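Encoded as structure tokens, the structure appears first; notes follow it.
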Amino acid sequence: MIDLQNISKIYGSDVHGLRDINLSIEPGEFVCIVGTSGAGKTTLAKLLIAEERPTRGKISIGGWDITRIKKRDIPYLRRQIGVVFQDFKLLKQKTVWENVAFALEVSGETNRRIRETVPHVLKVVGLEQKAHRFPHQISGGEQQRVVIARALVHRPKILLADEPTGNLDTINTADVIQVLKKINDFGSTVVLVTHNREVVNELRSRVITLADGRIISDKKHGKYLIQS
Amino acid sequence: MFIITPVGRVISFAVKNITRNAWIGLATVLVLVLALLSVNVLVGVNALASSAVTILEKKIDVSVYFKPETPNAILDQARSYMASIPQVERVTIMTAEEALTAFTERHKNEPTILDALNELEENPLGATMVIKARKTTDYPFLMENLNNPQFSFAIENKTYDDHSIAIQQVEQIADSVRYFGLILTLIFAIFSALIVYNAIRVAIYTQREEIGIMRLVGASNAFVRLPLILDAIFFAILSLAIAAGLVALIISFGEPYLVSFYDGEDPGLKSYFVDNLLPLIIAQGMAIIIIVSLSSWAAVGRYLKK
Ligand SMILES: Nc1ncnc2c1ncn2[C@@H]1O[C@H](COP(=O)(O)OP(=O)(O)OP(=O)(O)O)[C@@H](O)[C@H]1O
Ligand SMILES: [Mg+2]
């Protein structure tokens with residue numbers, strides 16, 4: 001599903017984001033990516049959605065070599081990967097429903113498709129009852145679940161979440177992780193970047209640990225290694 | 001359905017942008033209107049200058065005064081000879097009697113002149129022949145032809161009513177107005193491109209969150225780009241309409257004041273704009289739409305490139 005060969009990313013002339021990464025993620029896997037601040041986790045996530053280009057190496061997603069993807073093809077890649085980024089928020093002046101629908105609108109989907117898809121993804125994240133609230137009328141965890149719902153509108157094969165629980169308390173974190181597990185159970189590959197020790201230890205899934213741009217550990221049923 | 005949905009959505013996004021950034025939009029329209037007005041001043045000056053030249057050219061002619069008592073046969077000969085020259089447009093003859101009638105009519109309120117005229121037993125005036133050439137440059141040639149010995153002995157006097165200096169002056173003034181108008185138009189065209197560019201940058205800034213989301217959820221670039229370009233084109237069309245209204249207003253109020261400079265004749269401003277309405281609107285519309293499209297395209301392009 002996701003295949004990285006000898007990937008390096010150098011910002012400018014000498015800031016090493018990633019160094020010689022080899023990584024393969026199978027369809028349906030749930031992968032946690034952990035590491036200290038500056039280890040290169042976000043850099044890895046940005047390479048997967050072609051927000052950044054690798055300096056060296058080769059990336060393919062679902063058999064599609066995106067190493068030198070053309071700019072006009074990027075939208076098609078992004079419809080195959082749902083993204084939940086920390087700084088990638090909801091639009092305050094739009095309701096939950098409208099926020100999710102927006103992703104479909106700007107992709108040129110018909111109104112009929114929108115009316116079918118929005119309730120479906122809101123149900124997946126358990127927010128069908130709060131569809132007509134505005135972001136400030138729901139909790140942080142619920143907001144993050146709306147962001148996940150929005151990431152699901154194109155039925156992506158991969159869901160990529162960069163610290164989706166960063167600002168959440170324990171209960172809201174548990175809700176969000178629950179939703180991610182459910183999406184994984186439906187068959188999507190989930191890549192979760194996180195700092196949260198409890199989350200990683202309870203998930204008992206594959207854990208990849210990055211340090212200074214390198215993979216220092218890759219365990220099938222891993223634990224959170226680093227002390228923060 | 002496949003096409004209509006995105007098209008409708010692009011338009012509704014475009015409308016939303018305009019209402020959000022109304023002030024910037026207003027400033028943009030103002031500059032575009034100024035650019036269009038300066039173009040039309042240029043067009044107007046050209047029209048005024050060419051009608052002034054035409055009017056002056058119409059006034060150029062040669063008057064030939066014959067001696068009194070020149071026989072009609074000679075007059076006829078002179079007339080038919082001159083009329084046979086291809087460069088001549090028209091020859092008119094005023095006979096001695098007609099000249100006298102015209103003279104008394106002109107001086108009917110001046111008894112001393114009429115008295116003096118009555119003192120004379122014979123008509124002191126001769127016949128007059130007025131020759132109009134097809135082209136102003138042909139007059140010297142016609143003057144030479146008047147030296148024909150068949151009738152030149154009967155000619156008492158000739159006047160060549162030359163307006164070439166006045167024509168030159170009109171053309172000089174028009175040239176310098178054109179020159180400054182061109183510079184003004186160029187400046188406004190550059191301003192237009194810049195202000196549209198900035199208006200679109202501001203529009204991008206006010207909706208950076210939406211655009212960021214659009215790009216991450218896989219909206220095609222057209223969805224980001226088209227509403228913004230559509231906004232710019234909307235500004236262009238609005239400006240075109242406002243400028244057209246202003247030009248119409250200025251002409252209908254201003255032209256009557258020009259009539260006195262034109263000896264009571266039509267300055268030809270309104271008729272020029274009316275006759276060339278469609279080409280003027282199409283040319284200016286195309287030009288302004290191309291300018292705003294390119295500059296808004298560039299503004300969005302710089303953003304999308306990141
Ligand atoms: N756009 C950029 N330009 C230059 N350097 C960058 C850029 N983005 C990241 N870096 C550098 O690359 C390295 C990896 O950054 P990255 O954001 O991937 O870390 P991270 O693991 O996500 O950290 P955090 O846990 O704090 O989010 C860091 O040294 C960072 O300073
Ligand atoms: Mg990060």
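The values are calculated or read from the model by the stated rules, or taken from the named source; none is laboratory data. Only a predicted model underlies this, so the values are computations on that prediction, with no experimental measurement involved. Note that we place each Cβ from the backbone using ideal geometry, even for glycine, and neighbour counts take in every protein chain shown. Side chains are part of the model used for accessible areas, which takes the heavy atoms of the whole protein and leaves out ligands, DNA and RNA. Shrake-Rupley method; radii C 1.70, N 1.55, O 1.52, S 1.80 Å.
Remarks
- Residue match in region A:152-163 (condition: more than 14 Å from chain B (Cβ to nearest Cβ) and either closer than 13 Å to A:C32 by Cα or without any contact (Cβ under 8 Å) to a residue 60 or more places away in the chain (or both)): yes
- Within region A:73-93, tally of residues that are within 9 Å of chain B (Cβ to nearest Cβ) and assigned to a strand (DSSP E or B): 3
- In the condition set (1) over 23 Å from B:A241 (Cβ atoms); (2) crowded, with 18+ Cβ neighbours inside 10 Å; (3) touching a Phe, Trp or Tyr at 6+ places or on another chain (Cβ under 9 Å); (4) in the same structural domain as B:L278 (by TED's automatic domain parsing), B:G44 is compliant with all but (1).
- Members of region A:95-148 found to be crowded, with 20+ Cβ neighbours inside 10 Å and not in a helix (DSSP H, G or I), listed by number: A:V106, A:S107, A:V125, A:L127
- The number of residues in region A:42-72 that are within 14 Å of chain B (Cβ to nearest Cβ), assigned to a helix (DSSP H, G or I) and open to solvent by less than 50 Å² (accessible area, probe 1.4 Å) comes to 2.
- Taken as a whole, the structure places B:V33 among residues that are under 30 Å from B:V202 (Cα atoms) and in a helix (DSSP H, G or I).
- Positions within region A:111-149 being touching a Gly at 6+ places or on another chain (Cβ under 8 Å) and within 14 Å of chain B (Cβ to nearest Cβ), in sequence order: A:I148
- Qualifying residue in region A:18-28 (condition: of a type outside the set (A, V, I, L, M, F, W, C) and crowded, with 20+ Cβ neighbours inside 10 Å): no
- Flag for B:V247 being buried (at least 17 other Cβ atoms within 10 Å of the Cβ) and not in a loop (DSSP other than H, G, I, E, B): yes
- The combined condition, being within 15 Å of ligand 2 (Cβ to nearest atom) and touching a Lys or Arg at 6+ places or on another chain (Cβ under 7 Å), is not fulfilled by A:T55.
- Applying the criterion of being of a type in the set (G, A, S) and loosely packed, with under 14 Cβ neighbours inside 10 Å to the residues of region A:1-17, the residue that is farthest from ligand 2 (Cβ to nearest atom) is A:S13.
- Among the criteria (1) more than 16 Å from ligand 2 (Cβ to nearest atom); (2) touching a Lys or Arg at 6+ places or on another chain (Cβ under 8 Å), the one A:I49 does not fulfil is (1).
- Against the conditions (1) assigned to a loop (DSSP other than H, G, I, E, B); (2) within 16 Å of ligand 1 (Cβ to nearest atom); (3) aliphatic (A, V, I, L, M), A:L23 satisfies every one except (1).
- Within region A:29-40, considering residues that are open to solvent by less than 10 Å² (accessible area, probe 1.4 Å) and within 13 Å of the chain's Cα centre (by Cα), the one nearest to ligand 2 (Cβ to nearest atom): A:I33
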